[in-house]
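Enquirer: I have a structure I would like to understand better, so I am pasting it below and will then ask my questions one at a time.
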Amino acid sequence: MAAVDLSAIVIPPAERSEGYWASVLRRLRRDPVAMAALAVIVLIVLAAVLAPYIAPADPFRGSMARRLRAIGTPGYLLGTDELGRDMLTRLMYGGRLSLFMGVTPVILAFVVGSGIGIFAAYVGGWVNTVVMRIIDVFFAFPSVLLAIALSGALGAGILNSIVSLTVVFVPQIARIAEAVTTQTRNRDFVEAARISGAGPLTIVRVHVLGNVLGPIFVYATSLISVSMILSSGLSFLGLGVKPPEPEWGLMLNTLRTAIYNQPLVAALPGVMIFITSISFNLFSDGLRGAMEVRQ
Amino acid sequence: MIIGAPPVPTSRDRGGPGTPLLEVRGLVRHFGGKGGLFGKGKSGVVRAVDGVDFSIAKGETLGIVGESGCGKSTTARLVMQIIKPDAGDILFDGEAVGSQALSLGAFRRQVQMVFQDSYASLNPRLTVEETVAFGPRVHGAKSGAALAKAHDLLHRVGLEPRRFAGRYPHEISGGQRQRVNIARALSLDPRLLILDEAVSALDKSVEAQVLNLLLDLKRDFGLTYMFITHDLNVVRFMSDRIMVMYLGKVAELGPSEPIFATPGHPYTVALLSSMPSMDPDHRTEEAPLTGDPPNPIDPPSGCRFHPRCKMVSTLCSQAEPQLSTMGQDHLAACHLVNPQSGHPRLAAA
Amino acid sequence: MSTTADTIVEASGLTVDFASGKGLIRAVSGVDLSLKPGETLALLGESGSGKSVSLRALMRLHPSSAKIGGSVRVDGRDVLAMSPRELSAYRGKTISMIFQDPGLAFDPVYRIGDQIAESVMRHERVSRSEARRRALELFERVRIPSPERRLDNYPHEMSGGMRQRAMIALALACRPKVLLADEPTTALDATVQIQVLLLLRELQREFGLAIVFVTHDIGVAVEIADRIAVMYAGRIVESGSCRDVIRNAAHPYTQGLLASRAHGTLAPDQRLRAIPGAPPDLAAPPPGCAFGPRCDSFAEACARAVPENVRVGVAHEARCLLAAAAMAPA
């Protein structure tokens, strides 16, 4: 082979196959449930992001004169809250913090947890055992309890609640990451790469990441709904956002006094949490289906 | 290189034609030794490979056959250094692997392997050309040169680069995938190729194509093969010499024709007569062996084959037979082959 | 084919379609099978030839998305018209199946003996102890050593060959008339494979079973079968007695399969006569004879229409224009 002048060989353009992610997208587009869920998520995100431009009222200005108006009151499409603030506006603004606090911990945990899990699994041996046993300790606590305890210890506030939720999700993601990486590293193609003399970093970059990030990502998207509920829960308990800042969990809390006068209005933030988290869940299910590797 | 050219007189040949390309001495690997999780499982050591010696001459194909659990795949992985041996030496072209003269990295570049499962041994996220170009890239080839080499190799294994280079593993057939695996193994210009059941999972009509391809590649690239299979027809077709393994030991070793014509070990005899007869008028009427291959945990004493052997005597359960010469380079580990062993059937004959 | 009293399995014009991303895939297109009690038919073919799909159609073991057409009559009853209730009585009682992977037949968390007894009790009104006795008797029949003790094993506690024997015992638990075998020896070592084949032959004689045996290995087919049907791309391209198909193969595909085997008579360094190319994609089959693109004797007429089945001997048929030409009156 030494005699072959490789530079002299002209590489003809090869037929390109559709890449993996392109095929995932194609299958996802054919899934009506996932696409509907995605549409709802996009709508909610847009409403939250564009709130300052499209919201009908000021989220902080209330009036004792128009407290707790019913849904459908002229000028207040979704009624008003216990301080007479426009609910539609509050819900749109509330989405900003709720989404931020729901998604951020999952993103952080995805980065940290994947790193820990992939590292532990790829190194293997006692390192893996030690790391995973430490991770297991976190599983001894129910996640709600753990989040409340951490938030309580760190003190109320947006940042602290994000930190505590991240800590709740890191072990869960790390465990999944460890499982899929262990599975992948024992496949023949990783062995073949090792035989060809590639170092561990190259193998992880070329052969492991591409095969494990997908499944971990799907799992992470399914955690967003949990994260939304937990962060709202923390705010509800007064451990997250402080009034008068609009946030769905906190709104649910402050409106609970109105449950007998305007039950529908009082339920609205809960409905939003429900719709958003179920949309994330349905989308995640669709993504998982679309990502199943064909033989 | 042109197809049909004589083997490259490699400057890499250090020991000369007389030195075997691969020499394995006293290879041992045991697994486990702990009891089951609840203390109920069989405790004991799995003697996967238990003192195996063989060599492969340059340009030769050594076939390794045996039932599941005989240690043939473990032997391949030990030679490949994917798992570390407990004992034994592996010499490549006269130099000990891992010594100063031959580092592990340098050794690995010269020995490559093709696995049985063509799908599992390809990264599903990489295109065919990326898979083949990976090895050269790791060893510092420029992207363009690595791709050019990949295309050349794909062409050599019968996959037109124009059509196949950009495909993913799930888009091509099993036979085509195995061709990709062969191209990948060749991408580092190895001298020894270990084929671990490389054609076993293929359809018969495709298997023949791949076997022909392997013969062509061997000639064109001046390769040496270690060919592991459970299919005796295939091993006979491919191999110059054959090693029969049983429960981690060599039962018989020698040139193909004598092994098929005058097998020395009763186990080899049984293996050969287990092959389907291919004659509708003379079907097999009696199974040559009863029962399953035994577990390599706590193998039988003496000759490991003795509980299944039709020629068994008390001697066989007491003394372990050593490899004895039967003819030109033809060895078998059976008391019946050694006239001095004192096996009662020898006196009767 | 006419339904005669002595056929137990009769399939005609059998088709199986699967929906897939690329559209409808016809995995089996017009298969005719007939089998007498006590007869073994080997369905020989490569992956994707439709051999396993045809086999499963005899038991209606397909996902509901698959569409089965044609007719299947087993033991005088129309299988495709059975209600779910009739179907579950039919499976196990009239017809039964063994697989390549015994894991498909056994539940890993129950003892094997209990699973066999369970199956007996589901189909017949017998007491547990009677069912248990039957399980033991079956274990003796399939020659499992120390059967009494082995009945209490979990599937993972048995070796591959023994699990295969246990699966055969389970399949025969309710004394079916037809046994379907889907590559049951493929994963076994040759030394164990021959034992299982001999056992099946013996059980067949004893129970008068009709067996349909799917395999990709001609050698195995010769060891087990009275008749061989060679499948390619969803059709039977040649069928006949074992002797006729091996000795006087009429279809180029069968001839190619026989010639491409690596066997002892080859001189060193001789190449195998491999069939070129790969089996066709069933989503886009070639026109006419599906084997055409790989055939040495390909002619334009081959691509025009699927060749008709022609008789090339006594109970020996092939779908090939060459065979048809050879048989045509001069």
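Enquirer: Within the set of pairs 6 or more residues apart or between chains, which connect a residue that is at the interface with chain B (Cβ under 8 Å from one of its Cβ atoms) inside segment C:248-270 to a residue that is outside any helix (DSSP H, G or I) and modelled with pLDDT of 75 or more with Cβ atoms less than 6 Å apart?
Expert: C:Gly256/C:Ile275; C:Ser260/C:Leu272; C:Ser260/C:Arg273; C:Ser260/C:Ala274; C:Ser260/C:Ile275; C:Ala262/C:Leu272
Enquirer: I'd like the full set of residues that are closer than 25 Å to C:Pro293 by Cβ and charged (D, E, K, R), limited to segment C:232-251.
Expert: C:Arg235, C:Glu238 - these are the residues of segment C:232-251 that are closer than 25 Å to C:Pro293 by Cβ and charged (D, E, K, R).
Enquirer: What are the pairs, 6+ residues apart or on separate chains, where a residue within segment A:188-208 that is farther than 19 Å from B:Arg77 by Cβ and within 7 Å of another protein chain (Cβ to nearest Cβ) has its Cβ under 7 Å from a residue that is buried (at least 22 other Cβ atoms within 10 Å of the Cβ) and modelled with pLDDT of 90 or more?
Expert: Cβ pairs passing all conditions: A:Val206/B:Phe134.
Enquirer: Now, a different point. If A:Leu83 satisfies every condition in (1) surrounded by fewer than 22 Cβ atoms within 10 Å (Cβ to Cβ); (2) part of a helix (DSSP H, G or I); (3) hydrophobic (A, V, I, L, M, F, W, C) but one, which is the exception?
Expert: Of everything listed in (1) surrounded by fewer than 22 Cβ atoms within 10 Å (Cβ to Cβ); (2) part of a helix (DSSP H, G or I); (3) hydrophobic (A, V, I, L, M, F, W, C), A:Leu83 misses just condition (2).
Enquirer: Would you mention how many residues in segment B:322-349 are assigned to a helix (DSSP H, G or I) and touching a His at 6+ places or on another chain (Cβ under 9 Å)? Steps first, answer last, please.
Expert: Residues of segment B:322-349 assigned to a helix (DSSP H, G or I): B:344-348.
From what is left, the residues that are touching a His at 6+ places or on another chain (Cβ under 9 Å) are B:345-346.
Number satisfying all stated conditions: 2.
Enquirer: Checking B:Phe260 against (1) modelled with pLDDT under 90; (2) more than 15 Å from the chain's Cα centre (by Cα); (3) of a type outside the set (Lys, Arg): exactly one of these is not met. Which one?
Expert: Among (1) modelled with pLDDT under 90; (2) more than 15 Å from the chain's Cα centre (by Cα); (3) of a type outside the set (Lys, Arg), the lone unmet condition for B:Phe260 is (1).
Enquirer: Quick check: is even one residue across segment A:234-250 over 27 Å from A:Ala36 (Cα atoms), among the basic types (Lys, Arg) and surrounded by fewer than 22 Cβ atoms within 10 Å (Cβ to Cβ)?
Expert: yes
Enquirer: Let me ask you something else. I need a count of the residues in segment A:107-160 that are surrounded by 13 or more Cβ atoms within 10 Å (Cβ to Cβ) and not in a helix (DSSP H, G or I).
Expert: 4
Enquirer: Quick one: C:Asp281 ticks every box in (1) free of Cβ contacts under 8 Å to residues at least 40 places away in the same chain; (2) at the interface with chain B (Cβ under 7 Å from one of its Cβ atoms); (3) of a type outside the set (A, V, I, L, M, F, W, C) except a single one, so which number is it?
Expert: Going through (1) free of Cβ contacts under 8 Å to residues at least 40 places away in the same chain; (2) at the interface with chain B (Cβ under 7 Å from one of its Cβ atoms); (3) of a type outside the set (A, V, I, L, M, F, W, C) one by one, C:Asp281 breaks only (2).
Enquirer: Whether any residue in segment C:40-57 is part of a strand (DSSP E or B) and touching a Lys or Arg at 6+ places or on another chain (Cβ under 6 Å) is what I want to check. First the steps, then the outcome.
Expert: Within segment C:40-57, the subset part of a strand (DSSP E or B) is C:40-44.
Still in the list and also touching a Lys or Arg at 6+ places or on another chain (Cβ under 6 Å): C:41, C:43.
Checking segment C:40-57: at least one residue is part of a strand (DSSP E or B) and touching a Lys or Arg at 6+ places or on another chain (Cβ under 6 Å).
Enquirer: Considering segment A:136-159 alone, what residues qualify as being in contact (Cβ under 8 Å) with a residue 40 or more places away in the chain and either closer than 14 Å to A:Met101 by Cβ or more than 20 Å from the chain's Cα centre (by Cα) (or both)?
Expert: A:Ala147, A:Ser151, A:Gly152, A:Ala156, A:Gly157, A:Ile158
Enquirer: Would you please name the residue that is nearest to the other protein chains (Cβ to nearest Cβ), looking only at residues in segment B:55-71 that are touching a residue at least 60 places away in the same chain (Cβ under 8 Å) and polar (S, T, N, Q)?
Expert: First, pick out the residues of segment B:55-71 that are touching a residue at least 60 places away in the same chain (Cβ under 8 Å): B:56-71.
Then drop every residue that is not polar (S, T, N, Q), which leaves B:61, B:68.
Details: B:Thr61: 11, B:Ser68: 6 Å.
Checking each candidate, the answer is B:Ser68.
Enquirer: Could you list, ordered by first residue, the pairs with Cβ atoms under 7 Å in which the first is in segment B:277-301 and loosely packed, with under 14 Cβ neighbours inside 10 Å and the second is of a type in the set (Ser, Thr, Tyr), at least 6 apart or interchain?
Expert: B:Ser301/B:Ser317
Enquirer: Of all residues in segment A:182-222, which are charged (D, E, K, R) and out of contact with any Asp or Glu (no Cβ under 8 Å at 6 or more places or on another chain)?
Expert: Keep residues of segment A:182-222 that are charged (D, E, K, R), which gives A:185, A:187-188, A:191, A:194, A:205.
Hits for segment A:182-222 are A:Arg185, A:Arg187, A:Glu191, A:Arg194, A:Arg205.
Enquirer: From the set of residues in segment B:299-321 that are in contact with a Ser or Thr (Cβ under 9 Å, 6 or more places away or on another chain), farther than 25 Å from C:Val196 by Cα and not in a helix (DSSP H, G or I), which is farthest from the other protein chains (Cβ to nearest Cβ)?
Expert: This residue is B:Ala319.
Enquirer: Got a sec? Which helices (runs of 4 or more DSSP H) wholly within segment A:198-295 have at least 3 residues that are under 30 Å from B:Gly140 (Cβ atoms) and of a type outside the set (Ser, Thr, Tyr)? Can you show your working first?
Expert: Details: elements: A:200-203, A:209-236, A:248-254, A:263-291.
Helices (runs of 4 or more DSSP H) meeting the threshold: A:200-203, A:209-236.
Enquirer: Related question: Output the residues belonging to segment C:135-175 that are in a helix (DSSP H, G or I) and of a type in the set (A, V, I, L, M, F, W, C). I'd like the intermediate steps shown before the answer.
Expert: To start, the set of residues in segment C:135-175 that are in a helix (DSSP H, G or I) comprises C:135-141, C:147-150, C:155-157, C:160-171.
C:Ala135, C:Leu136, C:Leu138, C:Phe139, C:Met162, C:Ala166, C:Met167, C:Ile168, C:Ala169, C:Leu170, C:Ala171 - these are the residues of segment C:135-175 that are in a helix (DSSP H, G or I) and of a type in the set (A, V, I, L, M, F, W, C).
Enquirer: Name every residue in segment C:41-54 that is among the hydroxyl-bearing types (Ser, Thr, Tyr), crowded, with 24+ Cβ neighbours inside 10 Å and away from every other protein chain (no Cβ under 11 Å), in order of residue number. Outline the logic, then answer.
Expert: Residues of segment C:41-54 among the hydroxyl-bearing types (Ser, Thr, Tyr): C:47, C:49, C:52, C:54.
Now restrict to residues that are crowded, with 24+ Cβ neighbours inside 10 Å: C:49, C:54.
Across segment C:41-54, the qualifying residue is only C:Ser54.
Enquirer: Can you pull out the residues in segment A:18-43 that are aliphatic (A, V, I, L, M) and modelled with pLDDT of 90 or more?
Expert: The first filter runs over segment A:18-43 and keeps only residues aliphatic (A, V, I, L, M), leaving A:22, A:24-25, A:28, A:33-43.
Of everything in segment A:18-43, those that are aliphatic (A, V, I, L, M) and modelled with pLDDT of 90 or more turn out to be A:Val33, A:Ala34, A:Met35, A:Ala36, A:Ala37, A:Leu38, A:Ala39, A:Val40, A:Ile41, A:Val42, A:Leu43.
Enquirer: Something else: Which condition does C:Pro307 not pass, out of (1) closer than 29 Å to C:Gln100 by Cβ; (2) free of Cβ contacts under 8 Å to residues at least 60 places away in the same chain, if it passes all the others?
Expert: Of the numbered conditions (1) closer than 29 Å to C:Gln100 by Cβ; (2) free of Cβ contacts under 8 Å to residues at least 60 places away in the same chain, the odd one out for C:Pro307 is (1).
Enquirer: Show me the helices (runs of 4 or more DSSP H) found entirely inside segment B:137-242 where at least 1 residues are crowded, with 23+ Cβ neighbours inside 10 Å and within 14 Å of chain C (Cβ to nearest Cβ). Can you show your working first?
Expert: Numbers: elements: B:143-156, B:161-164, B:174-186, B:204-221, B:232-238.
Where helices (runs of 4 or more DSSP H) fall fully within segment B:137-242 and carry at least 1 residues being crowded, with 23+ Cβ neighbours inside 10 Å and within 14 Å of chain C (Cβ to nearest Cβ), they are B:161-164, B:174-186, B:204-221, B:232-238.
Enquirer: Sticking with this one: What number of residues within segment C:235-251 are assigned to a helix (DSSP H, G or I) and crowded, with 24+ Cβ neighbours inside 10 Å? Spell out the reasoning first.
Expert: Filtering segment C:235-251 for residues assigned to a helix (DSSP H, G or I) gives C:242-247.
This time we only want the ones that are crowded, with 24+ Cβ neighbours inside 10 Å, so: C:245.
Looking only at that region, the number is 1.
Enquirer: Please determine, by comparing only the residues of segment C:185-240 that are closer than 18 Å to C:Glu140 by Cα and polar (S, T, N, Q), which one is farthest from the other protein chains (Cβ to nearest Cβ).
Expert: C:Gln204
Enquirer: Would you call C:Ser20 under 30 Å from B:Ser200 (Cβ atoms) and loosely packed, with under 15 Cβ neighbours inside 10 Å?
Expert: On the way: under 30 Å from B:Ser200 (Cβ atoms): yes; loosely packed, with under 15 Cβ neighbours inside 10 Å: yes.
Judged against the criteria, C:Ser20 is a match.
Enquirer: Moving to a separate point now. Going by the conditions given, is C:Val214 in contact with a strand residue (DSSP E or B) (Cβ under 7 Å, 6 or more places away or on another chain) and under 30 Å from B:Leu272 (Cβ atoms)? Reasoning before the result, please.
Expert: On the way: in contact with a strand residue (DSSP E or B) (Cβ under 7 Å, 6 or more places away or on another chain): yes; under 30 Å from B:Leu272 (Cβ atoms): yes.
Considered against the rule, which asks whether it is in contact with a strand residue (DSSP E or B) (Cβ under 7 Å, 6 or more places away or on another chain) and under 30 Å from B:Leu272 (Cβ atoms), C:Val214 comes out as yes.
Enquirer: Next question, about the same structure. Please tell me if A:Val111 is away from every other protein chain (no Cβ under 14 Å), free of Cβ contacts under 8 Å to residues at least 12 places away in the same chain, closer than 30 Å to B:Ala76 by Cβ and among the β-branched types (Val, Ile, Thr).
Expert: Details: away from every other protein chain (no Cβ under 14 Å): yes; free of Cβ contacts under 8 Å to residues at least 12 places away in the same chain: yes; closer than 30 Å to B:Ala76 by Cβ: no; among the β-branched types (Val, Ile, Thr): yes.
So A:Val111 fails the test.
Enquirer: So which of B:Gly166, B:Gly135 ends up being in contact (Cβ under 8 Å) with a residue 24 or more places away in the chain, among the small types (Gly, Ala, Ser) and farther than 26 Å from B:Gly59 by Cβ? Walk me through how you get there before you give the answer.
Expert: On the way: B:Gly135 fails: farther than 26 Å from B:Gly59 by Cβ.
Answer to the selection: B:Gly166.
Enquirer: Going by the conditions given, is B:Gln112 within 14 Å of another protein chain (Cβ to nearest Cβ), out of contact with any Ser or Thr (no Cβ under 7 Å at 6 or more places or on another chain) and buried (at least 20 other Cβ atoms within 10 Å of the Cβ)?
Expert: Working: within 14 Å of another protein chain (Cβ to nearest Cβ): yes; out of contact with any Ser or Thr (no Cβ under 7 Å at 6 or more places or on another chain): yes; buried (at least 20 other Cβ atoms within 10 Å of the Cβ): yes.
Against the criterion (within 14 Å of another protein chain (Cβ to nearest Cβ), out of contact with any Ser or Thr (no Cβ under 7 Å at 6 or more places or on another chain) and buried (at least 20 other Cβ atoms within 10 Å of the Cβ)), B:Gln112 qualifies.
The values are calculated or read from the model by the stated rules, or taken from the named source; none is laboratory data. Only a predicted model underlies this, so the values are computations on that prediction, with no experimental measurement involved. Note that we place each Cβ from the backbone using ideal geometry, even for glycine, and neighbour counts take in every protein chain shown.
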